[in-house]
Amino acid sequence: MDGRCAYISPFLLSGSQAAEGKLAQQLLHDLFTNYTSALRPVEDTDQALNVTLDVTLSQIIDMDERNQVLTLYLWIRQEWADAYLRWEPEVYGGLDSIRIPSSLVWRPDIVLYNKADTQPPASASTNVVLRHDGRVRWDAPAITRSSCRVDVAAFPFDSQSCRLTFGSWTHGGHQLELWPGAPGARLDDFVENVEWRVLGMPARRSVVTYGCCSEPYPDVTYTLLLQRRAAAYVANLLLPCVLISLLAPLAFHLPADSGEKVSLGVTVLLALTVFQLLLAENMPPAESVPLIGKYYMTTMALVTASTALTILIMNLHYSGPGVRPVPAWARTLLLGYLARALCVRERGEPCRGSQHPPLLPRPSLRPGPHLGPAPGAGPCAEPRCPCRQEALLRHVGAIAGACRSHRAGQRLRGDWKRVARVADRFFLAVFFAMVLAMSLLVLGRAI
């Protein structure tokens, strides 16, 4: 074939396009000469018009949990059959579809029932696709603000379900039948959200009879299933609380003479209070307390209890001179079994052989032969022995009694200090196990 024969002149192309444009104008003129967009396009007024609704989720713009408002960017497609907009394609040069402004044709008044926007709905200015058999397809973008009940009981590991109910505002079921075009919304063009993961958006049709009207109204409800991405909340709110709460039991491990046992507990309590205030600012007011809020309150209660127990244990450690002896049950239970179990021992004492040292017998005040006669025995029998030795012996006896009382007080205070050490070791193990178990339970939800 000659190459010149295959060449198509641009003048011929422009001529064919001009001819097609004239046919489209003629078709538009013929269709809308006696057409009105004010009435339903049905041949029989008793016949219901079937409208198909399809939704494509494009983006989650915002989830306002405090005001419980969900903002979405959707592509909404509506299809119906117009009985007055039909033509034969052969009459108009094989033209089977045209695109015209949507304001020229009748459009169903499909609105979002659970709309949470104060602004009036703005009509989309997109075109509609009109086919020769009267099928009308209207694709329009929409930014919807819908009410969504947010349940934060499991925050930050919660899942939410938000409903979007579409239906006609004025046409009942006898005039307009609304059907979903697919089992759910399309997610092919969805832009991933940094906070929420979309699990699906199924569609469900229902027919509701409202109290104002006797006629049933069909609607299509899309349920958006969301799951929160908890990584940011775990890193910013949960892990600092876990690390701070693990410091609280270490107050039992500090020596009582350091003077920092109570101040450590108070510092940890203040730090948890700051994180609790930050959490309260981001959470909506609700009847149920979030999971992380329960964790914060429980941790603060444990820190408060540990600080109070630390004060009581320090009171045992710094017992005064008039302290009573350790009771027998405490000596047996705390200084016996519990001290051996927790390996609380004196310096140089083996761990498993930890036993309370028996009280030493008090030394007798009975004077020996080298101390001379006992006090109050009268004048010395020896003629050369001075009688002043009697006063000297009384002073020595008083000094010995004071030393014995001092040693007995030291032994009592030593017993109470050992009781305090055993209580410190016991509560260190108990509170550390409680904080660790509670932290692992909460962090286990994130895995």
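The values are calculated or read from the model by the stated rules, or taken from the named source; none is laboratory data. These numbers come from a predicted model, not from an experiment. FYI the Cβ positions are ideal-geometry reconstructions off the backbone, even for glycines, and counts take in every protein chain you see. The protein model used for the area step is the full one, side chains on, heavy atoms only, and it has no ligands, DNA or RNA in it. Shrake-Rupley method; radii C 1.70, N 1.55, O 1.52, S 1.80 Å.
In the set GLN160, GLN227, only one residue is open to solvent by 50 Å² or more (accessible area, probe 1.4 Å), under 17 Å from the mean Cα position of the chain (by Cα) and within 30 Å of LEU272 (Cβ to Cβ); that residue is GLN227.
Just one of the listed residues (ALA203, ALA251, ALA256, ALA185) is buried (at least 19 other Cβ atoms within 10 Å of the Cβ), in contact with a helix residue (DSSP H, G or I) (Cβ under 7 Å, 6 or more places away or on another chain) and small (Gly, Ala, Ser), and it is ALA251. One residue stands out among those in the stretch 310-323 that are surrounded by 18 or more Cβ atoms within 10 Å (Cβ to Cβ) and of a type in the set (A, V, I, L, M, F, W, C): the one that is modelled with the highest pLDDT, which is ILE313. You will find that of ALA433, ALA423, ALA429, the residue that is out of contact with any His (no Cβ under 6 Å at 6 or more places or on another chain), exposed (fewer than 12 other Cβ atoms within 10 Å of the Cβ), at pLDDT 70 or above and under 29 Å from TRP329 (Cα atoms) is ALA433 and no other. Find the residue count for the stretch 270-309, including only residues that are of a type in the set (A, V, I, L, M, F, W, C), open to solvent by less than 50 Å² (accessible area, probe 1.4 Å) and part of a helix (DSSP H, G or I). Adding up the residues that qualify gives 11.
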